[in-house]
Structures are given as structure tokens and as C-alpha cells.
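Worksheet for the structure shown next.
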Amino acid sequence: VLMLEARTARVANVQDVMPGLPTDNPALHSAVIRSELDVLTSRSLARQVVEDTGLAEVPEFNPALRTGPASYGRLLFWMDEKGQARVESAVGDFIRSLRSTEDDVDRKEDPLLPVIDAYLANLTVKTDGRSLTFLLTFRSEDPVLAARVANRHAQLYLDSHVAIKVEAT
């Protein structure tokens, strides 16, 4: 659980540099919450977490390291492995046909993109909209990894706020 700082305390003239959150205006309050939610689920923060935690080396999150049927292939449990592989190949070809060639070039140039996609698919950040708190959860087959990654995500988010404050000051 993360909580935004309302920044109501005033020290010297720091408020001119880093104004507080608009807790008195509900419309602005909602916009700030939405903005922070976007930052928490941003691809740039996800990339930092993936790089920092080594998720690119975990087959659960890196499709290039997986062997055997993919997750949707396992849904075809009544088929043998060759049948599952044929269906997966056909589905993969269909998905690739929907992507733009620019997207394919990006994926070839940046092998972390599929890992970041998998990471974001397993990340959930929620707020009730009435408070300044966020609930950040991360799913993994390994509960220890899930806890470590969720904690690292939160820490990198907090570190970015500290860096912004220092730079602004």
C-alpha cells in the first residue's frame, strides 16, 4: 500500500518549487490521483522494475525462455503437445498479423518489450478514489518473487518522487 503525501507543511518558500496536492478541490484531487496511477503503471517504471529485478531471466515473464506449451496452449489439455504447439503457432501468427511492422521492429530491437508486457499484465494498482492510498499487487507463480517485485516497484516509484523533489529544489 502506497500513500501520496498531501504536502501541506510549508517550509521556507519550498511550496513555490513543489506545490502541494490539491486536497481541497475534488476535481483536481481526482486528476492528481489519476496521474499518479498512470505513473505507477507506466512502461518506463515497469522497465526499471524488470531490469532491476532480473525478470527477463524468469521464463514466467520472458516468452523467449519458455519451453513447452504457452499458457493458452495449456488450455488445450486434451490435445497432445504437437497439437498444442500447432494451435499456439497459428494464434501467434494471427496476433503478429495484427501488429504493425513498426511494432515488430520495436520488439526486435528491444527484447525487453515482451517481458514488460508480461510484467504489466501481472501488475495491479488500484485506488478507491476517496483517499490518497494505492494498493499495488503483483502476481507470480513464486510468492517470494511476487513480494520482492511489488516491493521494488513501490520503492522505485518512491525514489522517483524523491529525485523529482531534489531536482526541483
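The values are calculated or read from the model by the stated rules, or taken from the named source; none is laboratory data. The model shown is predicted, which means the values in this text are computed figures rather than measured ones. These area figures cover heavy atoms from the full protein model, side chains too; ligands, DNA and RNA do not enter into them. Shrake-Rupley method; radii C 1.70, N 1.55, O 1.52, S 1.80 Å.
Of everything in region 144-164 that's at pLDDT below 95 and open to solvent by 70 Å² or more (accessible area, probe 1.4 Å), which residue is nearest to Val49 (Cα to Cα)? So the residue we want is Leu158. Evaluating Gln84 against the criteria (1) at pLDDT 75 or above; (2) open to solvent by less than 30 Å² (accessible area, probe 1.4 Å); (3) more than 20 Å from Pro111 (Cα to Cα) leaves one unmet condition, (1). Take region 120-169 and flag every residue that is under 17 Å from Ser35 (Cα atoms) and among the hydroxyl-bearing types (Ser, Thr, Tyr). Result: Thr124, Thr127, Ser131, Thr133, Tyr157, Ser160.
For Thr23, state whether it is at pLDDT 90 or above, outside any helix (DSSP H, G or I) and among the hydroxyl-bearing types (Ser, Thr, Tyr).
On the way: at pLDDT 90 or above: no; outside any helix (DSSP H, G or I): yes; among the hydroxyl-bearing types (Ser, Thr, Tyr): yes.
No; evaluated as a whole, the condition is false for this residue.
Residue under question is Arg10, and the condition is that it be more than 22 Å from Asp142 (Cα to Cα) and modelled with pLDDT of 85 or more; does it hold? Spelling it out, it is not the case that Arg10 is more than 22 Å from Asp142 (Cα to Cα) and modelled with pLDDT of 85 or more. Does Ser30 fit the bill of being at pLDDT 75 or above and of a type outside the set (A, V, I, L, M)? For Ser30, the condition - at pLDDT 75 or above and of a type outside the set (A, V, I, L, M) - is met.
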